[in-house]
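Structure first, then comments.
The values are calculated or read from the model by the stated rules, or taken from the named source; none is laboratory data. Keep in mind that this is a model prediction, so the values were computed, not measured. Quick reminder, even Gly has a Cβ in these numbers, built from the backbone with ideal geometry, and neighbours come from all protein chains shown. Accessible surface is based on the protein model in full, side chains and every heavy atom, while ligands, DNA and RNA are left aside. Shrake-Rupley method; radii C 1.70, N 1.55, O 1.52, S 1.80 Å.
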Amino acid sequence: MSETPTMAELLGADTPSNWGKWGPDDEVGSLNYLDAAQVLRGAQHIRSGEVFPLQAAMGHPHGDPVFPGRESINRTVVWDESSWDEGKEGAPAFPGGLHYADDKAEIFLQGSTQYDALGHVWYDDKIWNGYDARTTVDVLSKASVQPIAERGVVGRGVLIDMARHRGKRWLDKGETFDHNDLEAAAKAQGVELGQRDILLIRTGFLTYFYETPAEEFYANFVEPGLTYSRELVEWFQNREIPNLITDTIANEVTANPETGVLLPLHCALMRNLGVVLTEICILDKLADACAADNRWDFLYTAAPLNVVGGSGAPVNPVVIR
Ligand code: UVW
């Protein structure tokens, strides 16, 4: 092995894989686990009728949390009331005199709360289900976000509050946890992590983002999160977890602490198992409500924007408990 192993060397040739499990044309991977029975099971966990949208604001005055190299939304006004001021030209003159506000935006599809398409990351020239990585050129013609948008994601969600479990407002930069820590936190919370549950993990790191100057947040950028091991990947596969959701920008500790490899779980979970990743969710209010009545499971629902060939798309997931 070289000093920093390649993704293939780190994960190994016999890394757990779900390729082919749902046929040669599959584009939604482990979301296949969320059948009608799972929707009905999730609905059984609505008890108080509270509703929690999880999307982070797009265009927050503090700036938006984005992976280095990406930018926040760039929203510009096309028409507003000033467009009809005397002497200004170009505003539409509708018969009857209606005025209106219009704006447009340039966004990174991964620049806010988002679903990653299964074709979003890869190594060794293959994306999810073994499709050729050249299918990503220009537009994702395989495993784009569109099939996820068209099917939706609904099931029993379970929130594991790692920050609360460790007695912290937020986990530190680079702080890690694994499946054993998740099991221990679930036990302490008194919630069962069941088969095919949608897994939500709170680290508090977005609270840290909004309370911290950007220079400090992005200095030595290493988010806290799940850390790669073969056992953890097997745990995801055996539990048939369809969707992983966190309040971090990239769902896992940014760099694998032992090897320095960046985002190996993106490859091990998304590319190889078809686990769908959802990032940058605001989980604080939901966590407070769960802690208040010690009920950590609920109905989770989401559908990303339907972007043709998109590598991902913004979303405002909704939890009902
Ligand atoms: C990268 O792909 C770099 O990150 P994310 O999954 O957060 O979009």
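Tabulated data
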read-out: Members of segment 245-266 found to be surrounded by fewer than 24 Cβ atoms within 10 Å (Cβ to Cβ), within 11 Å of the ligand (Cβ to nearest atom) and not in a loop (DSSP other than H, G, I, E, B), listed by number; value: Leu262, His266
read-out: Hey, His165 in the same structural domain as Leu273 (by TED's automatic domain parsing), open to solvent by 70 Å² or more (accessible area, probe 1.4 Å) and under 29 Å from Leu31 (Cβ atoms) or not; value: yes
read-out: Segment 277-303 - residue that is open to solvent by 10 Å² or more (accessible area, probe 1.4 Å) and part of a loop (DSSP other than H, G, I, E, B) and, of those, farthest from Ala188 (Cα to Cα); value: Ala303
read-out: Residue satisfying all of: in segment 109-136; part of a loop (DSSP other than H, G, I, E, B) and of a type in the set (S, T, N, Q); nearest to the ligand (Cβ to nearest atom) among these; value: Gln110
read-out: Residue ranges of helices (runs of 4 or more DSSP H) in segment 160-213 with at least 2 members hydroxyl-bearing (Ser, Thr, Tyr); value: 205-210
read-out: Those residues of segment 217-244 which are hydrophobic (A, V, I, L, M, F, W, C), open to solvent by 10 Å² or more (accessible area, probe 1.4 Å) and either in a loop (DSSP other than H, G, I, E, B) or within 18 Å of Arg169 (Cα to Cα) (or both), in sequence order; value: Ala219, Phe221, Val222
read-out: Qualifying residue in segment 97-108 (condition: away from the ligand (no atom under 16 Å from the Cβ) and on the phi > 0 side of the Ramachandran plot); value: yes
read-out: Hits in segment 267-310 (condition: within 16 Å of the chain's Cα centre (by Cα), within 16 Å of the ligand (Cβ to nearest atom) and of a type in the set (S, T, N, Q)); value: Thr278
